[in-house]
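Student: The structure follows.
The values are calculated or read from the model by the stated rules, or taken from the named source; none is laboratory data. What you see is a predicted model; the values in this text were computed from it and never measured. As a convention, Cβ positions derive from the backbone with ideal geometry for all residues, glycine included, and neighbour counts pool all protein chains shown. Note: areas computed on protein heavy atoms with side chains; ligands, DNA, RNA excluded. Shrake-Rupley method; radii C 1.70, N 1.55, O 1.52, S 1.80 Å.
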Amino acid sequence: MSSFGDFISLSDECDEATALLIKKEVSDGIVAPGYSAKALEILKAKKGGNYCVIQIDPNYVPPATEVKQVFGVKFEQGHNFLKIDESCLSNIVTKNKNLSEDDKHNLIIALITLKYTQSNSVCYVKDGQAIGIGAGQQSRVHCTRLAGQKADNWWLRQSPKVLGLQFVDGIKRADRDNAIDVYIGEEYEDVLAEGKWQNIFKVKPEVFTREEKRAWLDKNTNVAVGSDAFFPFGDNIERARKSGVTVVAQPGGSVRDDQVIETADKYNMVMCFNGIRLFHH
């Protein structure tokens, strides 16, 4: 998402196909355990030879205790070595207990993402990819709203109305993506006003109305959401539902767990309590 200061991190060796994909993306560098000869050749040519290519040691184990100093105060905490797998999804607390393999895969991806995301954080996942992350907020529901808004924008970009936009020849990718973001938002006149749309589109698009957007968003489903700490109120579930969420993973432990479970049951969701806070500071 970021145009500057963006690094790509891979858990496996970077091969030629991956390097060709990265070649087209705006990025400042990459971190991976290894590179094929062809991949390295492609990446070395990126950014006029200034692309940062770093090789990591896959066998490195960080210290068991993390230490930080802030204005003379020292903080220590144990490093999070938790392995996230299907065992984290075994405690299903809702009436609906039917988790498909795809649901499990999506929830595991959400929890792994949260393990490395600045707290507080909530992550939405669909079809094996994170589509919305809300991090560093001061309340849980703000995380849920922020991540949900990002997930909604991702889904709106898949709509026929957006996919059918006719851009002028030669428009840069960043300019095109920025125009789409404005078009699907509330300030669409910034790209549709007379004298502006001609610089972006071959044909002036129709307004993507609020009603049309809601109708398209209602078609999104089978979305998973994970939280790095418990949901304190059912309003988080209410907001998640609006972005197509059907399965939830969270630590549990709130004094209002019953209310949160009741809200999930109202929408026939599946919710797992994993009993583990994935805070990362």
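Student: Quick test for you: out of 97, 47, pick the one residue that is out of contact with any strand residue (DSSP E or B) (no Cβ under 6 Å at 6 or more places or on another chain) and part of a loop (DSSP other than H, G, I, E, B). Step through it out loud before you land on a result.
Tutor: Details: 47 fails: part of a loop (DSSP other than H, G, I, E, B).
Being out of contact with any strand residue (DSSP E or B) (no Cβ under 6 Å at 6 or more places or on another chain) and part of a loop (DSSP other than H, G, I, E, B) holds for just one of 97, 47, which is 97.
Student: Take the stretch 199-258 and flag every residue that is polar (S, T, N, Q) and in a helix (DSSP H, G or I). Step through it out loud before you land on a result.
Tutor: Just the residues of the stretch 199-258 that are polar (S, T, N, Q), to begin with: 199, 209, 220-222, 227, 236, 243, 246, 250, 254.
Result: 199, 236.
Student: A further question on this structure: Suppose the filter is outside any loop (DSSP other than H, G, I, E, B), open to solvent by less than 60 Å² (accessible area, probe 1.4 Å), of a type outside the set (Asp, Glu) and on the phi < 0 side of the Ramachandran plot; does residue 191 pass it? Give the derivation first.
Tutor: On the way: outside any loop (DSSP other than H, G, I, E, B): yes; open to solvent by less than 60 Å² (accessible area, probe 1.4 Å): yes; of a type outside the set (Asp, Glu): yes; on the phi < 0 side of the Ramachandran plot: yes.
Yes: the conditions hold for residue 191.
Student: State all residues of the stretch 235-281 that are touching a Ser or Thr at 6+ places or on another chain (Cβ under 7 Å) and among the β-branched types (Val, Ile, Thr); if no residue qualifies, say none.
Tutor: The initial filter retains those residues of the stretch 235-281 that are touching a Ser or Thr at 6+ places or on another chain (Cβ under 7 Å), namely 236-240, 244, 246, 250, 260-261, 264-265, 269-271, 279-281.
Answer for the stretch 235-281, where residues must be touching a Ser or Thr at 6+ places or on another chain (Cβ under 7 Å) and among the β-branched types (Val, Ile, Thr): 237, 246, 260, 261, 270.
Student: Before we move on, is residue 264 exposed (fewer than 14 other Cβ atoms within 10 Å of the Cβ) and either within 19 Å of the chain's Cα centre (by Cα) or modelled with pLDDT of 95 or more (or both)? Walk me through how you get there before you give the answer.
Tutor: On the way: exposed (fewer than 14 other Cβ atoms within 10 Å of the Cβ): no; either within 19 Å of the chain's Cα centre (by Cα) or modelled with pLDDT of 95 or more (or both): yes.
Criteria not met by residue 264.
Student: Please verify whether residue 11 is open to solvent by less than 80 Å² (accessible area, probe 1.4 Å), part of a loop (DSSP other than H, G, I, E, B) and in contact (Cβ under 8 Å) with a residue 12 or more places away in the chain, treating the condition exactly as stated.
Tutor: Numbers: open to solvent by less than 80 Å² (accessible area, probe 1.4 Å): no; part of a loop (DSSP other than H, G, I, E, B): yes; in contact (Cβ under 8 Å) with a residue 12 or more places away in the chain: yes.
No; evaluated as a whole, the condition is false for this residue.
Student: Ok, one more. Applying the selection to the stretch 222-252, what residues are within 16 Å of the chain's Cα centre (by Cα) and surrounded by fewer than 16 Cβ atoms within 10 Å (Cβ to Cβ)?
Tutor: 222 - this is the single residue of the stretch 222-252 that is within 16 Å of the chain's Cα centre (by Cα) and surrounded by fewer than 16 Cβ atoms within 10 Å (Cβ to Cβ).
Student: Let me ask something else about it. Only one of these conditions is not met by residue 255: (1) closer than 30 Å to residue 79 by Cα; (2) open to solvent by less than 50 Å² (accessible area, probe 1.4 Å). Which number is it?
Tutor: Result: residue 255 passes all but (2).
Rundown of residues vs (1) touching a residue at least 60 places away in the same chain (Cβ under 8 Å); (2) crowded, with 16+ Cβ neighbours inside 10 Å, yes/no style:
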{"site": "131", "(1), (2)": "yes, yes"}
{"site": "135", "(1), (2)": "no, yes"}
{"site": "138", "(1), (2)": "no, no"}
{"site": "141", "(1), (2)": "yes, yes"}
{"site": "146", "(1), (2)": "no, yes"}
{"site": "154", "(1), (2)": "no, yes"}
{"site": "183", "(1), (2)": "no, yes"}
{"site": "204", "(1), (2)": "no, no"}
